[in-house]
Amino acid sequence: MDQSKAPVLEALAAYHADGQTPFTPPGHKQGRGVDPRVRAVLGDAVFRSDELATSGLDDRTSSHAVVEEAQALMAQAVGAEHAFFSTCGSSLSVKSAMLSAAGPHEKLLVGRDAHKSVVSGLVLSGIRPVWVDPQWDAERHLAHPPSAEAFEAAFAEHPDARRALVTTPTPYGTCSDLAAIADTCHRRGRPLIVDEAWGAHLPFHPDLPTWDMDAGADICVTSVHKMGSGLEQSSVFHLQGDLIMPEVLRSREDLLGTTSPSVLVYAALDGWRRQMVEHGKALYDDALALAHDVRGRIARIDGMRVHGREDFCGPGKAADTDPLQIVIDISAWNVTGYRAADWLREHHRINLHLGDHRRISAQLTHADDPTTTEILLTALTALTALTALTDLAAHAPQLRTGRPVEVPSPSRLRLEQAALPRDAFFGPTEQVPWEKADGRIAAEMLTPYPPGIPEALPGERLTAEVLRYLRSGIDAGMVVPDAVDTDVTSVRVLREE
């Protein structure tokens with residue numbers, strides 16, 4: 001196929017040139033009906049290109065196959081057999097993949113460090129999860145993806161499990177040994193689904209971690225808006241092999257997806273694929289060199305430890321790590337990453353990828369350059385200078401919380417799955433004070449965000465340690481947005497007879 005083509009972008013340009021007059025949605029009619037105050041912020045081009053995919057870019061029967069050709073080009077570009085665009089984010093794509101993998105009450109092996117979208121898929125589908133424990137770094141209180149040995153053991157205990165699902169890279173950039181996990185699955189004739197939301201860029205440079213399709217995964221879900229040049233909500237799920245049929249995956253996506261996909265998202269996906277094929281290697285040569293330089297300069301800032309392969313990779317840890325995720329441990333200051341991230345936004349107008357109880361993280365992409373990284377380095381240097389002040393409380397009271405986050409040991413963080421997620425979520429519930437929720441079965445997700453990995457999920461039995469962790473985390477700046485009570489002073493649990 002001709003990878004210099006961009007079918008969606010070309011069809012959009014032709015639509016503009018043709019001067020067609022729509023009597024279809026969108027109702028703003030190429031921006032003519034939009035409030036001028038809205039256009040002043042968003043611009044005219046957004047609305048001019050917000051058109052229908054059919055009866056717009058293509059005719060009523062999609063005879064020109066504009067989107068289908070763009071998807072085929074994407075599949076060829078990354079070495080997959082099929083690619084499907086989603087304009088509802090990878091949260092929808094991963095649910096579609098799960099529904100194509102197993103049905104109600106069937107077992108699915110799932111890494112317990114899964115994103116909340118996976119838990120939502122369990123709630124919607126009624127699939128019975130068999131949790132596979134991540135590799136816990138007890139020293140740093142951080143989870144790396146599960147090992148192949150952990151999946152092997154889970155299959156041995158649950159030979160009736162239909163599929164396996166693993167998340168890699170994690171939001172911290174750490175990666176599984178996917179080839180070994182895929183082999184574990186395929187020896188049993190079971191497909192492997194990979195939530196690779198943070199890895200859309202991986203196919204386009206040999207010095208990045210192994211791309212999932214190259215490692216043998218059957219379905220791979222990527223969020224192009226995270227590490228690529230896609231608009232928010234742009235996602236692609238890729239398919240290869242014969243363990244999951246493309247028509248099954250397409251039908252599941254059709255079940256969940258919108259009937260009004262965004263041409264803007266399609267067009268950006270189309271253009272990003274062409275950009276990566278033509279210039280990706282050079283762009284990531286520069287990005288990786290820049291990341292190496294930034295890592296070295298941050299490491300020389302007093303009190304900051306930049307995590308790399310020496311910390312994250314090795315026996316009992318991750319198989320690889322993405323160097324574009326700049327993860328910085330600031331625990332030497334007794335300052336949480338939550339407070340540090342808030343201070344950097346307020347005083348230096350930068351937004352970090354994530355902050356947790358002891359770390360902050362900055363995500364670099366091919367779009368960064370020395371101008372943006374100098375802004376980051378200047379802000380981090382200012383933060384260091386502030387923490388060095390003897391009268392820290394007077395200068396920056398928001399940085400200190402007064403109490404540390406009470407992080408349990410890895411074994412105490414792991415909760416018992418006492419009921420199916422769907423049964424707990426839709427069952428009879430009540431709201432109880434957090435102090436009285438010890439031993440009760442959660443009926444909601446409790447998810448520190450970012451990175452969006454639930455600490456407790458529907459059907460898990462809550463413990464005092466986990467509840468204290470969440471409460472102390474919120475006091476220190478943690479956000480738990482999906483709880484009914486976002487301060488977690490009370491918790492939604494299954495009602496007990």
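Derivation of every value follows stated rules applied to the coordinates shown; laboratory data play no part. Everything numeric here is computed off the predicted structure, so don't read it as measured data. Ideal geometry is used to build each Cβ from the backbone, glycine not excepted, and the neighbour counts take in all protein chains shown.
Observations, loosely collected:
- At an R0 of 35 angstrom, the distance between the Cβ atoms of residue 243 and residue 3 translates into a FRET efficiency of 0.80.
- Put a dot 7 Å past the Cα of residue 350, heading toward its Cβ, do the same for residue 375, and the two dots end up 1.0 nm apart.
- By DSSP, the beta bridges lying fully in segment 59-275 are antiparallel in about 45 percent of cases.
- The chain: relative contact order as a whole-number percent, Cα under 8 Å and 6+ apart: 14
- Computed lengthening from residue 342 to residue 232, 0.36 nm per intervening residue step minus Cα-Cα distance: 37.3 nm
- Packing-based ranking of 348-358, 425-435 yields 348-358, 425-435, ordered from highest to lowest mean Cβ neighbour count within 10 Å.
- Bridgeable lysines around residue 5 (alpha carbons under 19 Å apart, same-chain partners fewer than 8 residues away excluded): 281.
- Placing dummy labels 7 Å off each Cα toward the beta-carbon, the span from residue 289 to residue 106 is 5.0 nm.
- FRET efficiency for the residue 487 to residue 431 pair, using the beta carbon distance and R₀ = 22 Å, is estimated at 0.95.
- A simple packing score, the average count of other Cβ atoms within 10 Å per residue, orders the peptides 485-495, 175-185 as 175-185, 485-495, with the highest score first.
- Distance between the modelled labels on residue 13 and residue 160, one decimal in nanometres: 5.7 nm (7 Å Cα→Cβ projection).
- DSSP bridge analysis restricted to the chain gives an antiparallel fraction near 65%, rounded to the nearest 5.
- One Cα centroid belongs to segment 82-142, the other to segment 266-338; the line between them spans 25 Å.
- Answer label for P(r) over Cα pairs in 20 Å bins from 0, in percent (calculated), chosen among [x] 26, 61, 13, 0; [y] 22, 53, 24, 1; [z] 17, 31, 37, 14, 2, 0: [y]
- Here 258, 372 are placed in order of increasing Cβ neighbour count within 10 Å, fewest first, which gives 258, 372.
- For segment 6-92, chymotrypsin sites (Phe, Trp or Tyr not before Pro) meeting the loop criterion (DSSP other than H, G, I, E, B) and having at most 13 other Cβ atoms within 10 Å: 23.
- Dipole of the chain [Lys/Arg +1, Asp/Glu -1 at C-beta], most positive-end residue of 122, 344, 184: 344
- Loop sites in segment 197-294: GluC sites (Glu not before Pro), DSSP, at most 13 other Cβ within 10 Å: 232
- Nearest-20 debye value, segment 59-275 charge dipole, Cβ charges on Lys, Arg, Asp, Glu: 500
- Legend: calculated FRET efficiency, residue 411 to residue 310, from the Cβ-Cβ distance at R0 = 22 Å, rounded to 0.05, equals 0.30.
- Estimated [θ] at 222 nm from DSSP helical runs (n ≥ 4, -39500 (n - 2.57)) normalised by residues in the chain, nearest 500: -11500 deg cm²/dmol
- In sequence order, segment 473-481 has phi-based couplings of x, 5, 4, 8, x, 5, 10, 10, x Hz under the Karplus curve 6.51 cos²θ - 1.76 cosθ + 1.60, θ = phi - 60°, and Gly or Pro positions carry x.
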